[in-house]
1. Just one of 169, 199, 136, 174 is charged (D, E, K, R), surrounded by fewer than 16 Cβ atoms within 10 Å (Cβ to Cβ) and modelled with pLDDT of 90 or more; which is it?
2. Can you pull out every residue in segment 22-41 that is closer than 15 Å to residue 59 by Cβ and within 22 Å of the chain's Cα centre (by Cα)?
3. Could you pull out every one of the helices (runs of 4 or more DSSP H) wholly within segment 331-389 that has 2 or more residues that are modelled with pLDDT of 90 or more and surrounded by 15 or more Cβ atoms within 10 Å (Cβ to Cβ)?
4. Take residues that are over 17 Å from residue 161 (Cβ atoms) and touching a helix residue (DSSP H, G or I) at 6+ places or on another chain (Cβ under 9 Å) and tell me which of the strands (runs of 3 or more DSSP E) falling wholly in segment 187-296 contain 1 or more.
5. Quick one: which of 62, 45, 23 is buried (at least 20 other Cβ atoms within 10 Å of the Cβ), modelled with pLDDT under 85 and charged (D, E, K, R)?
6. How about segment 222-248: which of its residues are charged (D, E, K, R) and at pLDDT 95 or above?
7. Of everything in segment 32-60, what is aliphatic (A, V, I, L, M) and in contact with a strand residue (DSSP E or B) (Cβ under 8 Å, 6 or more places away or on another chain)? Give them in sequence order.
8. Checking the condition surrounded by fewer than 17 Cβ atoms within 10 Å (Cβ to Cβ) and in contact with a strand residue (DSSP E or B) (Cβ under 9 Å, 6 or more places away or on another chain), which residue from 240, 215, 269, 281 passes?
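The values are calculated or read from the model by the stated rules, or taken from the named source; none is laboratory data. Everything quoted here is computed from the prediction, not taken from an experiment. Ideal geometry is used to build each Cβ from the backbone, glycine not excepted, and the neighbour counts take in all protein chains shown.
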Amino acid sequence: MATDPDAVASGAARLAEPVLAGRGLPGLARAASELLGVPLAFMDRSGIVLAVAGATRQQEIRLTSGGGSIESIGLELGDEPVGEIRYLGDAVEAGNQGVLAALAALEVERARSAEWGNEEAVAAAVASALDGELTDPEEISRRTAEVGCDISRGGGVFMVRAHAGAAQDEDWRDHVLAMATRTIRTAVPGSIAGTSRLDEGSIVAIIVPSPDEERLLKVEEALSRELPRSLSGLSITVSRSRVATDPVEFERAAREAHLALNVGEAEGRSPIAFEETGSYRLLLGTTSEELHNFYAETVEPLVEYDEQYETDLVATVEAYLESDGNAPATAKQMFTHRHTIRYRLERIRELSGHDATATEGRERLSLGIKAMRVLGIASPRGRSREQVA
């Protein structure tokens, strides 16, 4: 049967749109999967997965592992192989196949790095730039350059934390890292990601080698768009640092991104930039020991009481501070009676030693709440909050 020229032209336009819009391989993969009606994956020449679309978790495993039931289309630039498209289903129509292969080959090559598949080397490079152990900018640049990331002119740091709301596969954290890596590589080639040493590996730390804030915003947009789509069942928080203009500034940028991540997660804000954390920024230079002291001297007794008795003292402090010390407004926000709020405020004073109805007491409790959030300590959920939710 002859190929319909109008159908080919229409299909080509649908495939080109996400590429021209800057959505890269993830956008192209989704457009191709929708147009062709098959789950598919883009791979680079070394077999690294760059994007997957239209697939369940089981189908994605089949696509990425290969096998006899998987169809493939080779990707070439000139006579040089650059990767392949793998798909499940019927053969792809020839007209669309040519357009898709050409666009995919260009995007795969743009996202490719000779070293980025070496997870251990990438993780080590990320750590060397962010943990502050190295102080020589040339050495920091050399280590990241070895895995294809040039930070000699600066860049930015992102952090991603995922929480599972339901049972997940054992390798779900690896899946988060893989999806984040695919997304950033498409948005800004040369970006690298590794599992952070913080919080038992639940944080993905990302280095984007660009001093251009617009490109950092492009990465932020891509992560916020792609990760929730690709990681169903997980709650995702994305944070961003300020621009680091020198390799030695990446350690500072990492602390900014981590502070923003904890604040964003506590307040339900994602994506969140360090500049958007308000007064929390004042705590950036505070040591962990000092933060723990603020927390222990103010809010920790309330946290322990809530956890033991399933009460809402910490939530009451948070709501009372947000309502500028207005008890009726706090009662309305917490779906309870104002007399209950008054009783809780008295209990808070007895346990913490700070009177929330007085200016100084509110200031101390506010500092304790901020320290708790910067430290990444989750606010306890009492019985009434669970019922309301």
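1. 136
2. 29, 30, 41
3. The qualifying helices (runs of 4 or more DSSP H) are 338-352, 359-374.
4. 192-195, 203-208
5. 23
6. 240, 242
7. The answer is 32, 36, 38, 40, 41, 43, 49, 50, 51, 52, 53, 55.
8. Every option except 269 fails the conditions.
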